[in-house]
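Novice: Pasting a structure here, questions to come.
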Amino acid sequence: MFAVIRAGGKQYRVAAEDIIRIDRVDGNPGEVVAFGEVLVVGGEQPQIGAPTVAGATVAGEVLQHTRGDKVIAFKKRRRQNSRRKRGYRHEFSVIRITEILTDGAKPASTPPARPQRAAKPKVEVSGEETAATEATTGKSTTKKSAKSGKSAKKPAKKPAKNPAKKPVKARAKKPDKPATKGKKK
């Protein structure tokens, strides 16, 4: 099921759980807003409004308020010593569509709970299995110590510099020339 709504002078095709960015609307993040100007309700039996569908509303949850990219208007009149620079950032609201309602139904005051993803179960590894994996892979599976934030294993030393390579000598500076005033002879 989908709907076409009008918000801020523009039309948007939306369905449940869609996230749209529209001109700023009143409402704090987490609140539910209702869009009453529904132009089309689609699905098994589509309804086309003249100009809007009677009794249809679309509910959405305000996720956040953001601002768009900076737009700079710079005007200059050449040879007139006249120029003007103005900047502007448009304000938007990010909305998650929660439900499409028909037949005069009212939206819920709180957004419906979203299903949570199932957390992956943690696998416990015994000491014997750890020793076996270290022997086969050659890698240590020790965890970082909580105190220092570093692993228990010390890092390898850096290889020594090549002794055959000669160090670069610093260039000798040229002596400063005395400053002369007047004409050269």
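No value in this document is a laboratory result; all are computed from the given coordinates. If you're wondering where the values come from, they're calculated on a predicted model, not measured in any experiment. Glycine gets a Cβ as well: all are built from the backbone with ideal geometry, and neighbour counts include every protein chain shown.
Novice: Report the convex hull volume per residue for the stretch 2-101, counting only C-alpha atoms, in Å³.
Specialist: 123
Novice: Turning to a different aspect of this structure: Under a crude label model (7 Å from the Cα following the beta-carbon direction), how far is R96 from K75 in nanometres?
Specialist: 4.4
Novice: Around G60, with a cut-off of 12 angstrom between Cβ atoms, what is the net charge of the other residues, counting Lys and Arg +1 and Asp and Glu -1?
Specialist: Result for the neighbourhood of G60: -3.
Novice: Can you give the charge dipole size of the stretch 2-101 about its Cα centre, rounded to the nearest 20 debye, using +1 on the beta carbon of Lys and Arg and -1 on the beta carbon of Asp and Glu?
Specialist: For the stretch 2-101, the charge dipole is close to 1880 debye.
Novice: With +1 on the Cβ of every Lys and Arg and -1 on the Cβ of every Asp and Glu, and nothing else charged, how large is the dipole of the stretch 1-42 about its Cα centre, in debye rounded to the nearest 20?
Specialist: Magnitude of the dipole: close to 200 debye.
Novice: Another question, then. For the stretch 2-101, build the charge dipole from Cβ charges (+1 Lys, Arg; -1 Asp, Glu) around the Cα centre, then report which of G49, I22, G87 sits farthest towards its positive end.
Specialist: It is G87, whose Cα lies furthest towards the positive end.
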